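Here's the structure, in structure tokens; my notes come after.
The values are calculated or read from the model by the stated rules, or taken from the named source; none is laboratory data. Note that the coordinates shown come from a computational prediction; the quantities given were computed from them, not determined experimentally. Positions of Cβ are backbone-derived with ideal geometry, glycine not excepted, and every protein chain shown enters the neighbour counts.
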């Protein structure tokens, strides 16, 4: 934790990686799949938006964190061609990941 500028910065990264960890279970990608640049960009958006949701739930609303997340999200949006659709889809996927993390999402058996 001492490698981060603050406790909030640590948890922001932890939450980001936690959202990534839901990708296989929620079928955003396959465990052994190599993603295209667009897929990678979309997944980074999902993880960062999900991290923002979790930070907000924990009361981590500092202006610095908001600016950093906003810049990160904007950077990945530049890699996508249909920004509005991709952003909306990323928000939906991030919300699903957060619900899964919080135990509020019941997965259906296949």
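A few comments on the model shown:
So that you can scan it fast, the table gives a plain yes or no per residue for (1) modelled with pLDDT of 85 or more; (2) touching a helix residue (DSSP H, G or I) at 6+ places or on another chain (Cβ under 8 Å); (3) outside any helix (DSSP H, G or I); (4) closer than 22 Å to residue 89 by Cβ:
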position	(1), (2), (3), (4)
2	yes, no, yes, no
9	yes, yes, no, no
14	yes, no, no, no
27	yes, no, yes, yes
32	no, no, yes, no
42	no, yes, no, yes
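- Test: residue 65 is under 29 Å from residue 6 (Cα atoms), surrounded by 16 or more Cβ atoms within 10 Å (Cβ to Cβ), in contact with a helix residue (DSSP H, G or I) (Cβ under 7 Å, 6 or more places away or on another chain) and modelled with pLDDT under 75: yes
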